[in-house]
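K.L.:
Before I ask anything, let me first share the structure, which is written out below as structure tokens.
The values are calculated or read from the model by the stated rules, or taken from the named source; none is laboratory data. Owing to the predicted nature of the structure, the values given are computational and were not obtained by experimental measurement. Please note: Cβ atoms are built from the backbone with ideal geometry, for glycine as well, and neighbour counts cover all protein chains shown. Heavy atoms of the whole protein, side chains included, go into the accessibility calculation; ligands, DNA and RNA do not. Shrake-Rupley method; radii C 1.70, N 1.55, O 1.52, S 1.80 Å.
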Amino acid sequence: MLPKILWSIGAIAITLIITGSQKYLSTRKIWQLGAIVPILSLVVMVALYFYMKLTLTAKFIIPCTIIIALEFFIWMDGRHQYRKSELNRMKAKDI
């Protein structure tokens, strides 16, 4: 029971770290930084597919698709947030 709880806490911690780093990188001036986490995720998923000899079933494809989609949405939101902050900065200087 305890190892399952520790595994769950570890998975939640890793998820929060990945999401936080994705959000941080996507709000930087260099827009390509936001692509690092989705590309790493894609590489890990491809490696899992080849090294673990997984089959292409819905059990594997759907979670991978959801993860990549969420990372791209976080990236787009971070870019929008960066542009908005830059626009607010420019407006503040004009006033």
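K.L.:
Of the cross-linked pairs Lys23/Lys84; Lys23/Lys53; Lys23/Lys93, which ones have a Cα-Cα span greater than 23 Å in the structure shown?
P.N.:
Correct reply: Lys23/Lys53; Lys23/Lys93.
K.L.:
Measuring with a 1.4 Å probe in the full set of protein chains, what accessible area per residue, in whole Å², belongs to the chain?
P.N.:
I get 82 Å² per residue for this part.
K.L.:
Under 8 Å for C-alpha pairs, at least 6 residues apart: give me the relative contact order for the chain, rounded to a whole percent.
P.N.:
Worked out over the chain, it gives 35 percent.
K.L.:
Another question, then. Determine, from the Cβ-Cβ distance of Thr15 and Asn88 and an R0 of 35 Å, the FRET efficiency 1/(1 + (r/R0)^6), rounded to the nearest 0.05. Walk me through the numbers on the way to the answer.
P.N.:
Numbers: r = 31 Å, r/R0 = 0.87.
So, using R0 = 35 Å, E works out to roughly 0.70.
K.L.:
A further question on this structure: Quote to one decimal, in nm, the extra length available between Arg28 and Val43 on full extension: 0.36 nm per residue of separation minus the C-alpha distance between them.
P.N.:
Taking 0.36 nm per residue and subtracting the Cα distance, the gain is 3.1 nm.
K.L.:
Moving to a separate point now. Per-residue accessible area for Glu71 at 1.4 Å probe radius, Å² rounded to 10?
P.N.:
20
K.L.:
A follow-up question, please. Considering every Cα-Cα pair within segment 9-55, what fraction, in whole percent, is farther apart than 14 Å?
P.N.:
In whole percent, the share of Cα-Cα pairs in segment 9-55 beyond 14 Å is 60.
K.L.:
Using the beta-carbon distance between Trp7 and Lys53 and R0 = 30 Å, what value does 1/(1 + (r/R0)^6) give for FRET efficiency, to the nearest 0.05?
P.N.:
0.85
K.L.:
Summarise the long-distance tail of P(r) for the chain by giving the % of C-alpha pairs beyond 17 Å.
P.N.:
On the way: 2773 of 4465 pairs.
I get 62 percent for the Cα pairs in the chain exceeding 17 Å.
K.L.:
Over the chain, what percent of the accessible surface lies on carbon and sulfur atoms, probe 1.4 Å? Let's see the in-between values first.
P.N.:
Details: 5940 of 7770 Å².
Result for the chain: 76 percent of the exposed heavy-atom area is carbon or sulfur.
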